[in-house]
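These notes concern the structure reproduced below.
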Amino acid sequence: MPADAERFILITGGPGSGKTTLIDHLEEAGFSRSYEAGRGVIQDQTAIGGRALPWNDPDLFAELMLCWELRSYRSAAARAAPVFFDRGIPDIVGYLRLEGRPVPAHLQTAARTFRYHPRVFIAPPWPEIYRQDSERKQSLAEAERTYESMVATYAEYGYELVRLPRVTVEERARYVMDHLR
């Protein structure tokens, strides 16, 4: 495991389960963070009329997410403090599998090489807070399948999954910090 990996704390799960809200809260508390690749790529591609959207070209979408995640990883490596990641490279593997797409060898290599803290926090589906928006078009059922794909993918890459409780964002943040001590 790279030396930096202990500082790279990853939060994953299905869409609409409170991951970004938690990371926003941790950022407000003074922690560094990354931004979710999928949402960023969708926003950028929509703004420029690009074709790398999950509903147009899932393979190209995955490649741009990989570029985004690699840049986020390298940016985090330049910082000395812990960094909270809003998803990570294995999420792209899980996404492609969920879509029934082949996972390229270079993506598998990236997921094995660019490691995060061995304990990954995973947000379970949360129907009460789930909302669709202009970037999140998946149904709740698709969000649940995404969660299951992330569970399988992160376990395959040897991460210990810690399921986040469905509690207030403040309680979730305390839960994360308690598990990192």
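The values are calculated or read from the model by the stated rules, or taken from the named source; none is laboratory data. All values reported here derive from a predicted model rather than from experimental measurement. We place every Cβ from the backbone using ideal geometry, glycine too, and count neighbours over all the protein chains shown.
Odds and ends about this structure:
- Number of residues in the range 84-102 that are in contact (Cβ under 8 Å) with a residue 40 or more places away in the chain and in a helix (DSSP H, G or I) equals 8.
- Selection status of Ala62, part of a helix (DSSP H, G or I), of a type outside the set (D, E, K, R), surrounded by 19 or more Cβ atoms within 10 Å (Cβ to Cβ) and in contact with a Pro (Cβ under 6 Å, 6 or more places away or on another chain): no
- Residue in the range 42-52 that is in a helix (DSSP H, G or I), modelled with pLDDT under 95 and closer than 21 Å to Leu161 by Cβ present: no
- Close pairs from the range 159-178: first at pLDDT 95 or above, partner charged (D, E, K, R), Cβ under 6 Å, at least 6 apart: Glu160/Arg119; Val162/Arg119; Leu164/Arg172
- The residues listed here are Arg172, Arg115, Arg97; of these, the one that is surrounded by 15 or more Cβ atoms within 10 Å (Cβ to Cβ), of a type in the set (Lys, Arg), closer than 27 Å to Phe31 by Cα and under 16 Å from the mean Cα position of the chain (by Cα) is Arg115.
- Contact map, the range 103-121: residues that are closer than 10 Å to Leu10 by Cβ paired with residues that are buried (at least 16 other Cβ atoms within 10 Å of the Cβ) and at pLDDT below 95, Cβ distance under 7 Å, separation 6+ or inter-chain. Pairs shown: Arg115/Ala5; Tyr116/Ala5; His117/Ala5.
- Candidate set from the range 48-68 (those that are under 18 Å from the mean Cα position of the chain (by Cα) and of a type in the set (Asp, Glu)); member that is nearest to Arg115 (Cα to Cα): Glu63
- Among the candidates Pro104, Pro124, Pro90, the residue that is within 24 Å of Asp24 (Cβ to Cβ) and modelled with pLDDT of 95 or more is uniquely Pro90.
- Subset of the range 13-39 that is part of a helix (DSSP H, G or I) and at pLDDT below 95 - its residue that is surrounded by the fewest Cβ atoms within 10 Å (Cβ to Cβ): Thr21
- Any hit, the range 8-17, residues being over 23 Å from Glu148 (Cβ atoms) and free of Cβ contacts under 8 Å to residues at least 40 places away in the same chain: no
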